[in-house]
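The values are calculated or read from the model by the stated rules, or taken from the named source; none is laboratory data. Worth saying up front: this structure is predicted, and the values here are computed from it rather than measured. Here the Cβ positions follow ideal geometry from the backbone for every residue, glycine too, while neighbour counts run over all protein chains shown. Side chains are part of the model used for accessible areas, which takes the heavy atoms of the whole protein and leaves out ligands, DNA and RNA. Shrake-Rupley method; radii C 1.70, N 1.55, O 1.52, S 1.80 Å.
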Amino acid sequence: MKRNILVVASHPDDEILGCAGTIARHVNEGDCVHIHIVAEGATSRSVESKGGDVENHLISLRNSANKASQLLGVDDLYLGDFPDNKLDTVPLLDIIKTLEKKAQDYKPTIVYTHHSGDLNIDHQIVSRAAMTAFRPQPSSSVESIYTFETVSSTEWGIDSQEKFKPTRFVDITNYLDTKRDALLCYSSEMREFPHARSIEAIEALAKFRGASVGLNAAEAFMQIRDLVR
């Protein structure tokens with residue numbers, strides 16, 4: 001049966017780092033995948049919030065996000081413009097409302113989003129907003145919520161928060177090459193090995209997650225909710 005899948009990410013490239021292989025698998029299985037990116041992802045890298053370099057970077061990120069989504073076969077991509085790495089300055093309700101609107105529009109069955117204990121403040125806030133927007137209600141379409149890991153943030157999570165302990169593993173053996181190609185769409189965001197955001201490190205993580213459950217490659221998630229109707 002065709003399902004509606006919603007991926008909620010903080011910044012352009014988080015959706016690919018966290019679950020590109022799983023997205024590709026959903027698409028291949030006939031599901032409709034929608035991606036909602038909350039923040040613009042560039043302005044925190046400059047003292048100036050405007051200017052040629054920042055504007056060019058914003059355009060580049062949007063182009064990269066569109067290319068990656070098209071490569072994966074995503075049905076819909078929404079690119080938000082909340083301030084990068086400053087979501088703690090935005091009323092949480094404003095973010096929640098944008099996600100509730102997506103829930104009304106797409107009626108997702110499965111939601112993927114950030115782990116709540118990530119080091120990055122935007123990841124923490126988006127995770128919290130998603131848990132609120134997709135809270136259990138009689139009219140809710142959401143049956144399952146899974147949180148993904150984002151390299152260079154999840155592994156350095158805050159001690160006071162829950163550590164990322166995966167309980168769900170998705171076999172992406174047949175989609176690892178697709179994930180690599182999607183990451184290459186974000187070439188400006190990738191780093192040289194041994195940086196955690198290098199292609200080699202991300203592939204190594206997929207192979208490690210796979211090997212831990214007897215697969216060649218996998219993406220790992222924490223199960224937050226799984227409703228059996």
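Descriptive notes on the structure:
- Candidates VAL54, VAL38, filtered to the one that is hydrophobic (A, V, I, L, M, F, W, C), touching a helix residue (DSSP H, G or I) at 6+ places or on another chain (Cβ under 8 Å), open to solvent by less than 70 Å² (accessible area, probe 1.4 Å) and outside any helix (DSSP H, G or I): VAL38
- Candidate set from the range 74-101 (those that are assigned to a loop (DSSP other than H, G, I, E, B), open to solvent by 60 Å² or more (accessible area, probe 1.4 Å) and touching a residue at least 24 places away in the same chain (Cβ under 8 Å)); member that is nearest to ILE23 (Cα to Cα): ASP75
- Taking the criterion of being open to solvent by 20 Å² or more (accessible area, probe 1.4 Å) and either touching a Pro at 6+ places or on another chain (Cβ under 9 Å) or within 22 Å of ASP122 (Cα to Cα) (or both), the residues of the range 63-73 that qualify are ASN63, ASN66.
- In the range 185-198, of all residues being open to solvent by less than 60 Å² (accessible area, probe 1.4 Å) and among the charged types (D, E, K, R), the one that is modelled with the highest pLDDT corresponds to ARG197.
- Per the listing ALA201, ALA182, ALA211, ALA206, the residue uniquely aliphatic (A, V, I, L, M), open to solvent by less than 80 Å² (accessible area, probe 1.4 Å), over 25 Å from GLN70 (Cα atoms) and out of contact with any Lys or Arg (no Cβ under 6 Å at 6 or more places or on another chain) is ALA211.
- All positions within the range 157-179 that are surrounded by 13 or more Cβ atoms within 10 Å (Cβ to Cβ), modelled with pLDDT under 95 and more than 24 Å from ASP226 (Cβ to Cβ): ILE158
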